[in-house]
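Each remark here refers to the structure printed beneath this line.
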Amino acid sequence: MPELVVGPMLRYVDTSAASIWVETSEPCLVTVEAECGVRARAETFSVHDHHYAIVDLADLSGKSVTYEVSLGDTKVWPEDKPSRIRLMPPGGPRRVVFGSCRTSVPHDAKHTLSHGEDVLRAYGFDLRETPDEEWPDLLLMLGDQVYADEPSPEMLSFIAARRAPGQQPAKEIADFEEYAELYRLAWTDPEIRWLLSTVPTAMIFDDHDLRDDWNTSHDWREKMRKVGWWRRRVVAGLGAYWIYQHLGNLSPAERAEDPVFRELVKGGGGEVLDAFAAKADDEPSSNRWSYARDLGHSRLIMVDTRCARQLTPGDRRMLDPGEWQWLEDQVSSAPGRMIIGSSIPFLLPEGVHLVQNWNEALCDGKWGKLVAKLSEAFRQAFDLEHWGAFRRSFESLSRLLVASGKPVLILSGDVHYSYVAKAGAGRIQQIVCSPIRNPLSRLLRVANIFTQFGIATLIGGSLARLARIPRPPFRWRIRNGPWFQNAVAALDFTDTTTATWYGATDNPLTGARPSFDEIVKVTLD
């Protein structure tokens, strides 16, 4: 008898329709039925002996309806508290929650001490007792949803059972089967599972979904090409991302036109997905991971800042020409406010940004070949790969956003601290929330404050001037933060727009449920 392996996950939702994603233990017919009487079915498709379906419910009535999932003739969901579909309000979302960087280690005392509380899990507990009219309209997951290069103890045991002595990678994900287990562990904790069945999600990857520093530079890619197991890993990683994250980002109409999806539902299987993923890595312009949705008062633009990079030495770009044209079109045609999801922050502390400008120039040979080689090593060692390390792209996007004249909220993660930055020109604000569960040690917190908010501020401008780098198109400042706690953040759109960060307090020794507490609230308007 088929069983649920992962899901159900409530993915794409608009004002009248919703998409439910599941992974099942064997091929079957998946039926989703809403309490209003709307029912839809889909047969699973199979990839590498794993089975998936995405079911679209159309013409839903009412703002909030419960739903059930059946596999074959057997109802398998809900398990206890009913899951709900809440349609997107016609005027746009009232609350959008976001965050990034979540490890899937156990919730015991040892790992709570080392990794802190899982704030997304705490949020699941909290929402169970919150009236559904107060639930968020959308959850944005901004990268590092899984850590393929830093698996949990349970995942390491799974890997070890599949490795011969000396086989590499010994302590990282190697193939699709291991990615499937990685996602299962990440998304099937009871509170997480219920949360993801009830709150619509939109996702974009960052480096750890594949590997730390993924696509940081041409030199990095060339080094990884020589690693024997990397090709299988990147193909599996992009294929698994397409299945577990990207597929649900698409509207039913977009998915129906997707050539990979059409082939898979016809029975194309793992060969089709692997060929697509290999080409997506070799030729990034062959596929678009970025996507956009109009949400009433705002346009959501989720930008791929990893796979779409142009890494040509001397002409590095965060986005290749095709991707840039797509983004320019989305910004230029936006009817009003823009919410831009960029897994890596657009506005870092200004001094750090200028250090990255300087490092990029040196990597490109500004001070000679020897310095270029040393600067590339420095770039990779200290993660100098944000928008400031792709100066031309930063300047182009800065001018585009200022020229639009529209309010822009850029949501990001990655850096393992949270803050708000405000541009001195235009109506641009950067809101960062990171991590959900993967905090910096106390020593690294102090080091970050000292270097990124201290030394870099003092020397960044001087280094940029020494390399004769033009000033950025505008100045900006960190107006709130940094905060280093595990957190999720919520944007609330009422008479004013606010951002609120929430943390959690957990006591695994008592077995009590974790609390979900406000850290700070910032008015953005």
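Restricting the first member to segment 267-282 and to residues that are within 11 Å of GLY237 (Cβ to Cβ), and the second to residues that are open to solvent by 40 Å² or more (accessible area, probe 1.4 Å) and assigned to a helix (DSSP H, G or I), the beta-carbon pairs closer than 8 Å and six or more apart or on different chains are ALA280/SER286. If we scan segment 49-64, do we find a residue that is farther than 17 Å from ARG84 by Cβ, in contact with a strand residue (DSSP E or B) (Cβ under 7 Å, 6 or more places away or on another chain) and assigned to a loop (DSSP other than H, G, I, E, B)? No, because not a single residue in segment 49-64 is farther than 17 Å from ARG84 by Cβ, in contact with a strand residue (DSSP E or B) (Cβ under 7 Å, 6 or more places away or on another chain) and assigned to a loop (DSSP other than H, G, I, E, B).
Scan segment 375-399 residue by residue and report those that are in a helix (DSSP H, G or I) and in contact with a Leu (Cβ under 8 Å, 6 or more places away or on another chain). Passing the criteria: SER375, PHE378, TRP387, GLY388, SER393, LEU397.
With respect to (1) assigned to a helix (DSSP H, G or I); (2) surrounded by fewer than 18 Cβ atoms within 10 Å (Cβ to Cβ), the lone exception for ILE159 is condition (2). Selection of segment 400-423 for residues being within 15 Å of TRP476 (Cα to Cα), assigned to a strand (DSSP E or B) and not hydroxyl-bearing (Ser, Thr, Tyr) yields VAL408, LEU409, ILE410, VAL420, ALA421, LYS422, ALA423.
Once segment 1-40 is narrowed to residues that are assigned to a loop (DSSP other than H, G, I, E, B) and of a type in the set (S, T, N, Q), the residue that is nearest to GLU79 (Cα to Cα) is SER25. Scanning segment 51-66 for residues that are among the β-branched types (Val, Ile, Thr), closer than 30 Å to ASP274 by Cβ and open to solvent by 10 Å² or more (accessible area, probe 1.4 Å) yields a count of 1. Scoring GLY426 on the criteria (1) of a type in the set (Gly, Ala, Ser); (2) assigned to a loop (DSSP other than H, G, I, E, B); (3) touching a residue at least 60 places away in the same chain (Cβ under 8 Å) leaves a single failure, condition (3).
Can you find even one residue in segment 209-218 that is open to solvent by 30 Å² or more (accessible area, probe 1.4 Å) and β-branched (Val, Ile, Thr)? No; the residues of segment 209-218 include none that is open to solvent by 30 Å² or more (accessible area, probe 1.4 Å) and β-branched (Val, Ile, Thr).
Among the residues of segment 11-50, those that are over 19 Å from LEU250 (Cβ atoms) and open to solvent by less than 20 Å² (accessible area, probe 1.4 Å) comprise THR24, CYS28, THR31, ALA34. Restricting segment 473-500 to residues that are among the charged types (D, E, K, R) and out of contact with any Gly (no Cβ under 6 Å at 6 or more places or on another chain), the residue that is least open to solvent (accessible area, probe 1.4 Å) is ASP492.
Quick one: in segment 67-81, which of the residues that are modelled with pLDDT under 95 and under 28 Å from the mean Cα position of the chain (by Cα) is surrounded by the most Cβ atoms within 10 Å (Cβ to Cβ)? Result: LYS81. Confirm whether ILE410 is touching a Lys or Arg at 6+ places or on another chain (Cβ under 8 Å), within 19 Å of VAL96 (Cα to Cα) and either modelled with pLDDT of 95 or more or among the small types (Gly, Ala, Ser) (or both). Judged against the criteria, ILE410 is not a match.
Looking at ALA292, ALA280, ALA253, ALA308, just one residue is within 21 Å of the chain's Cα centre (by Cα) and assigned to a helix (DSSP H, G or I), and that residue is ALA280.
If you go through segment 135-166 and keep only what is of a type in the set (D, E, K, R) and without any contact (Cβ under 8 Å) to a residue 24 or more places away in the chain, you end up with ARG162, ARG163. With respect to (1) open to solvent by 10 Å² or more (accessible area, probe 1.4 Å); (2) outside any loop (DSSP other than H, G, I, E, B); (3) under 30 Å from ASP80 (Cβ atoms), the lone exception for ALA180 is condition (1).
No other residue among HIS297, HIS246 is touching a Phe, Trp or Tyr at 6+ places or on another chain (Cβ under 7 Å), within 30 Å of LYS406 (Cβ to Cβ) and open to solvent by less than 10 Å² (accessible area, probe 1.4 Å) apart from HIS246.
Screening ILE428 on (1) touching a strand residue (DSSP E or B) at 6+ places or on another chain (Cβ under 7 Å); (2) modelled with pLDDT of 95 or more; (3) open to solvent by 10 Å² or more (accessible area, probe 1.4 Å) shows it passes everything except condition (3).
Screening GLY351, GLY341, GLY388, GLY365 for residues that are touching a helix residue (DSSP H, G or I) at 6+ places or on another chain (Cβ under 6 Å), at pLDDT 95 or above and of a type outside the set (D, E, K, R) leaves exactly one candidate, GLY388.
The values are calculated or read from the model by the stated rules, or taken from the named source; none is laboratory data. Keep in mind that what you see is a predicted model, and the values were worked out from it rather than measured. Don't worry about glycine lacking a Cβ; one is built from the backbone with ideal geometry, like all the others, and counts go over all protein chains shown. Note: accessible area is taken over every heavy atom of the protein model, side chains too, but ligands, DNA and RNA are not part of it. Shrake-Rupley method; radii C 1.70, N 1.55, O 1.52, S 1.80 Å.
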